[in-house]
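This report refers to the structure that appears directly beneath it.
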């Protein structure tokens, strides 16, 4: 877009959003005596939220998507806004098939009907970024996911304007108290740029397929890569009904428990094993095949979850369940949630509130629901102005949606109950790996200690063979021989002390015997102390004798 068109787009956005921003600003001024803006009456919040939702839907795909992202940010958005923005529909009127056909021909450089036997001109689905058409390829039914013409230019233009709008919102609302909104805009820009570049989704599908290729209960559409471009994805058509259509699924005779088990285990595998999870598991992206298998669709929003984060999340869960305050603070710092420079007393106060979330007594009917826990975590983040890392926001969103889907099939379902055994197993595996890592480290250090005498012997042999020449006065040689003998004993005592310490450590890890640990380390301490103090007298004597010696003969 040119500068003039960008300017007009900015003025249009401002025209739509500014009245709502001003109303929020006036609300804030009117209720200025209240310490928190969520204490503004809920009906006022709801009115503003409805107005904002309508305006965002009129501004097109960028703002619809951004509103959907904001609806997951309970850490800084009032509940009424979350509720309204979550209703933003991604359905828009379809682009005419004439324009779609023109884009297809341009992408492939030839008539698209020379590749496909037929393409249905009526779209199967139409969303703000892409629309889907069914086609026939070599006698097989396939799906074409096509980026809407002109959407790239519009999004790139909006992404230039969005930070300016964010700055205005921060100035006139108390979202300006932190940089959370600006951070959300930055994260949104990163995500949507990936979504509109289809090779990213292609890679996501391939990696997800690789991770779950051996799972017979999961279906991932097959890609026809030779026909895919940066704006088109071609994949197999898979018949199925939406996972939210419980009545139809029941009529097929599919066990609700089998669907819940498959979905939950699949997500636990994604988050805690493969470290690559589908961050948008709403009912439109999940189907159930006639055989009762779970079909995953739309891989535009996938999150990498590295191993160290997996372990930290598990450790945080364990620390919270065990009410271990200090350990939880340390883990939350490592996760990037707490600032390591923050006041420790303030962190302890926040950690206590987080630990309270794990208390069953604080939950309705004594049952822990993931959705309730997530709401509490977001409220704590709001109360203490904590910015949650994007990966955690997506994890919370996906976890809440999966639990909601499972509750359609089993009303009494609780994600915590299903996940706990799996988390315990993972925790045991992590502890086992850490023990093995410690043992390996100890073994390496033991090898170094055992090699040390060989290195000393090598030096002594070289001295004996006169391959190392030392410039020394003859009268000092006898003293030096004595010192080297004592040093050799000192090294031996040190090695023995080290070996005993290492052996004691390994045995303690395996046997957990306190008496063995005390005895081993006592012996090692005595040997270590002896290795340090034994040659001290001779060192002093030699130094005193040396001060009385003449200077070295330069020709010696």
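Structure above, values below:
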item	result
Tally, over region 291-308, of residues that are exposed (fewer than 15 other Cβ atoms within 10 Å of the Cβ) and in the same structural domain as residue 265 (by TED's automatic domain parsing)	1
Set 140, 98, 91: member being out of contact with any helix residue (DSSP H, G or I) (no Cβ under 9 Å at 6 or more places or on another chain), without any contact (Cβ under 8 Å) to a residue 12 or more places away in the chain and closer than 30 Å to residue 239 by Cβ	98
Lone qualifier among 86, 114, 118 - being over 23 Å from residue 197 (Cα atoms) and out of contact with any helix residue (DSSP H, G or I) (no Cβ under 9 Å at 6 or more places or on another chain)	118
Tally of residues being touching a strand residue (DSSP E or B) at 6+ places or on another chain (Cβ under 9 Å) and either buried (at least 19 other Cβ atoms within 10 Å of the Cβ) or assigned to a loop (DSSP other than H, G, I, E, B) (or both) across region 278-290	9
Sole exception among (1) in contact (Cβ under 8 Å) with a residue 40 or more places away in the chain; (2) in a helix (DSSP H, G or I); (3) surrounded by fewer than 18 Cβ atoms within 10 Å (Cβ to Cβ) for residue 311, by number	(3)
Only one of 275, 240, 320 that is at pLDDT below 90, touching a strand residue (DSSP E or B) at 6+ places or on another chain (Cβ under 7 Å) and over 20 Å from residue 407 (Cβ atoms)	275
Residue within region 183-200 that is in contact with a strand residue (DSSP E or B) (Cβ under 7 Å, 6 or more places away or on another chain), more than 18 Å from residue 62 (Cβ to Cβ) and either surrounded by fewer than 20 Cβ atoms within 10 Å (Cβ to Cβ) or modelled with pLDDT under 90 (or both) present	no
Evaluation of residue 171 against (1) surrounded by fewer than 18 Cβ atoms within 10 Å (Cβ to Cβ); (2) in contact with a helix residue (DSSP H, G or I) (Cβ under 7 Å, 6 or more places away or on another chain); (3) closer than 19 Å to residue 52 by Cβ (one fails), failing number	(2)
Scan of region 123-143 for residues that are farther than 27 Å from residue 194 by Cα and surrounded by fewer than 18 Cβ atoms within 10 Å (Cβ to Cβ), ordered by number	136, 138, 139, 140, 141
Number of positions in region 322-341 that are in a helix (DSSP H, G or I) and surrounded by 15 or more Cβ atoms within 10 Å (Cβ to Cβ)	9
All positions within region 199-227 that are in contact (Cβ under 8 Å) with a residue 24 or more places away in the chain and within 19 Å of residue 146 (Cα to Cα)	199, 200, 201, 202, 204, 205, 220, 221, 224, 227
Check on residue 254, closer than 14 Å to residue 297 by Cα and either in a loop (DSSP other than H, G, I, E, B) or in contact with a strand residue (DSSP E or B) (Cβ under 9 Å, 6 or more places away or on another chain) (or both)	no
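Residue-by-condition table, conditions (1) at pLDDT below 95; (2) over 38 Å from the mean Cα position of the chain (by Cα):
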| position | (1), (2) |
| --- | --- |
| 107 | yes, no |
| 110 | yes, yes |
| 114 | yes, yes |
| 124 | yes, no |
| 127 | yes, no |
| 130 | yes, no |
| 135 | no, no |
| 143 | no, no |
| 146 | no, no |
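The values are calculated or read from the model by the stated rules, or taken from the named source; none is laboratory data. Keep in mind it's a predicted model, so treat the numbers as computed, not measured. In this analysis, Cβ positions are derived from the backbone assuming ideal geometry, glycine residues included, and neighbour counts consider all displayed protein chains.
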